[in-house]
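Everything on this sheet refers to the single structure shown next.
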Amino acid sequence: MSEGTPPQRGFTRGEFEHRLERAQAAMARDEMDALVVTAPPNVRYFSGFATQFWESPTRPWFLVIPREGCVIAVIPEIGAPGMALTWVDDIRTWPAPVPEDDGLSLLGGVLEDLPRRFGRIGWEMGREHVIRMPIKDFDTLRSQVSGLEFVDGSPTIWSLRMVKSPAEVAHIRHICQIASGAFERLIDEVVIGDTELDASRKIRIELMKGGADLVPFAATISGPGGYDQIIVGPTERVLGDGDVLFIDLGALYDGYSCDFDRNYAIGSIRDDVARAHEAVWQATEAGIAAARPGATTTDLWRAMARVLEDAGSRGLNVGRMGHGLGMQLTEPPSNTPDDGTELVPGMVMTIEPGMEFTPGRMLVHEENVVITEDGCELLTRRAPREMWRIG
């Protein structure tokens with residue numbers, strides 16, 4: 001049931017050396033002497049360190065990416081054996097948890113010793129980032145480290161992570177194919193009389209059988225002739241004739257995510273639902289056609305919006321029609337009227353038009369693509385033009 005030969009897990013030392021090289025060039029451009037990352041995706045991106053222990057919020061973890069030299073891990077002792085499996089050679093530990101000084105003195109010493117040119121240290125202060133340590137500890141550290149300004153390093157980090165390497169794209173392509181197969185097989189698994197919870201469990205089973213590592217997101221929603229929201233569910237609502245079942249998946253393979261959805265007609269399908277599905281399918285076609293280097297996220301939004309407006313869309317409350325994708329289910333940039341991010345080869349994007357076609361009822365459609373040198377490559381298996389039927 002596996003969806004093709006999976007990419008090799010993990011990445012080569014050369015891959016991480018290239019990430020460091022890019023990061024150091026970006027720091028020189030953005031006038032920073034180092035980046036300090038604390039959030040799981042960023043720690044993993046720069047080190048390769050993967051652990052389920054992120055589920056425990058007790059201890060902070062720090063990775064210092066200097067403008068000159070090698071990556072330095074400042075981490076709890078419990079993580080040292082795991083970090084030693086990565087390409088990071090400089091590992092400094094403390095016997096966490098020590099609430100009165102949970103790594104602050106150790107990290108402060110590392111920062112004090114860095115070669116200085118700009119006197120600025122970048123942190124995860126900005127959009128779609130979070131500093132994974134107590135704010136009071138962050139303020140204490142900032143006051144104790146002399147001559148260094150703590151600044152927002154998020155734009156620098158995203159400038160690196162938004163553009164994926166071929167190895168990263170291979171990971172995303174693989175999980176997209178696993179999820180595509182699971183969606184296809186679900187037609188024969190779900191029956192009228194199942195609940196949303198039943199459908200959600202069945203798609204998760206298919207994903208795991210297909211080779212996914214984890215399914216942290218499987219929004220499962222249904223309603224008569226469409227649905228009124230796409231993030232809360234599943235529930236014990238029973239699927240009946242005339243319903244539309246919507247499932248939006250974020251499954252993981254070796255730390256990389258897919259993010260796309262499928263709609264299923266339960267029994268009969270109303271004419272207005274069929275017309276709405278045709279509209280969002282055609283809008284997806286328009287978005288895929290517009291996804292090419294040199295275009296912007298605003299261009300993608302406009303291409304999809306034109307199709308939806310012509311089809312009589314009443315609008316949609318999700319705020320955008322797609323976004324970046326990678327180690328996280330959603331990443332910058334956003335397909336909105338005013339985002340304006342230029343697309344370059346290596347960016348992985350979701351194409352996600354949706355429309356409210358009658359009061360309180362909407363349909364959303366989504367595929368995943370990677371921008372190539374002359375257009376884009378579809379990473380998912382394209383949904384059929386006519387909605388799949390169950391029962």
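Please figure out what share of the DSSP beta bridges in the chain is antiparallel and state it in percent, rounded to the nearest 5.
Numbers: 42 of 56 bridges.
Rounded to the nearest five, the antiparallel share is 75 percent.
Mean-square fluctuation check for the chain, GNM, Cα pairs under 10 Å: which of 310, 248, 33 is largest?
Checking each option, the largest mean-square fluctuation is seen for 310.
Please give the Cα centre distance for region 263-298 versus region 80-152, rounded to the nearest Å.
What the calculation gives is 45 Å, centre to centre.
Using a 10 Å cut-off around each Cβ, can you sort 149, 278 from fewest to most neighbouring Cβ atoms? Present the calculation step by step, with values, prior to reporting the outcome.
Numbers: 149 13, 278 16.
Starting with the residue having the fewest Cβ neighbours, the order is 149, 278.
Let me have the relative contact order for region 13-161, percent, based on Cα pairs under 8 Å that are six or more residues apart. Provide the component values of the computation, followed by the final result.
On the way: 240 pairs, mean separation 39.8, N = 149.
Rounded, it is 27 percent for region 13-161.
Just to confirm the number: angle between the C-alpha axis of helix 135-144 and the first principal axis of the chain, 0 to 90 degrees, nearest 10?
30
Can you give me the relative contact order of the chain as a percent, contacts being Cα pairs under 8 Å and 6 or more apart? Please report the intermediate quantities before stating the final value.
Values: 827 pairs, mean separation 54.7, N = 391.
Value for the chain: 14 percent.
Between residue 188 and residue 28, what is the spin-label point distance in nm, taking each point 7 Å from the Cα along the Cα→C-beta axis?
Label-label distance for residue 188 and residue 28, simple model: 5.7 nm.
So who's got an amide H within less than 5 Å of the one on residue 164, skipping anything under 5 residues away but keeping other chains? H placed 1.01 Å off N, in plane.
Answer set, sorted by chain and number: 347, 348.
What FRET efficiency comes out for the pair residue 51/residue 208, r = Cβ-Cβ distance, R0 = 25 Å, nearest 0.05? It would help to have the intermediate numbers written out before the result.
Working: r = 20 Å, r/R0 = 0.80.
The pair residue 51/residue 208 has a calculated efficiency of 0.80.
For each of 230, 247, 192, count neighbouring Cβ atoms within 10 Å of the residue's Cβ, then give the residues from fewest to most. Could the numbers behind the result be given before it?
Values: 230 22, 247 27, 192 13.
The order, fewest Cβ neighbours first, is 192, 230, 247.
Using helices alone, what [θ] at 222 nm do you get for the chain, with -39,500 (n - 2.57) per DSSP H run of 4 or more residues, divided over all residues and rounded to the nearest 500? Could you put the intermediate results ahead of the total?
On the way: 10 runs with 128 residues, N = 391.
Rounded to the nearest 500, the figure is -10500 deg cm²/dmol.
Run the simple label-point estimate for residue 236 and residue 342 please: 7 Å along Cα→C-beta, distance reported in nm.
For the pair residue 236/residue 342, the computed spacing is 5.6 nm.
Anyone know which of 299, 259, 213 comes out most mobile in the 10 Å Cα GNM of the chain?
Highest fluctuation among the options: 213.
For residue 314 and residue 381, compute 0.36 nm times the residue count separating them, minus their Cα-Cα distance, and round to one decimal in nm. Please report the intermediate quantities before stating the final value.
Values: separation 67, 0.36 × 67 = 24.12 nm, distance 2.85 nm.
Stretched fully, the residue 314-residue 381 segment lengthens by 21.3 nm.
Provide the gained length on full extension for the span residue 136 to residue 268, in nm with one decimal, where the gain is 0.36 nm per separating residue minus the Cα-Cα distance.
Stretched out fully, the residue 136 to residue 268 stretch lengthens by 41.8 nm.
Can you give me the angle between helix 13-30 and the longest principal axis of the chain, using Cα atoms only, in degrees from 0 to 90, rounded to the nearest 10?
On a 0 to 90 degree scale, this one is about 80.
Lys and Arg at +1, Asp and Glu at -1: add these up for the other residues within a Cβ distance under 15 Å of residue 240 and post the number. Before the final figure, lay out each step's value.
On the way: positive: 237, 270, 389; negative: 194, 196, 198, 236, 241, 243.
Residues close to residue 240 contribute a combined charge of -3.
Taking neighbour counts of Cβ atoms within 10 Å as a proxy for exposure, in what order, fewest first, do 208, 321, 347 appear?
On the way: 208 15, 321 31, 347 25.
Lowest count first: 208, 347, 321.
Taking the chain as a Gaussian network, where each spring joins two C-alpha atoms under 10 Å apart, which residue of 136, 202, 164 fluctuates the most?
Top of the fluctuation ranking is 136.
Go ahead and run the numbers for FRET between residue 93 and residue 372, Cβ-Cβ distance against an R0 of 51 Å, rounding to 0.05. Could the numbers behind the result be given before it?
Values: r = 43 Å, r/R0 = 0.84.
With a Förster radius of 51 Å, E is 0.75.
How many angstrom separate the Cα center of region 335-391 from the Cα center of region 186-252?
Using only Cα atoms to place each centre, the spacing works out to 19 Å.
Readers should treat all values here as calculations from the given coordinates under stated rules, not as data from a laboratory. Note that this is a predicted model, so its numbers are computed, not measured. In this analysis, Cβ positions are derived from the backbone assuming ideal geometry, glycine residues included, and neighbour counts consider all displayed protein chains.
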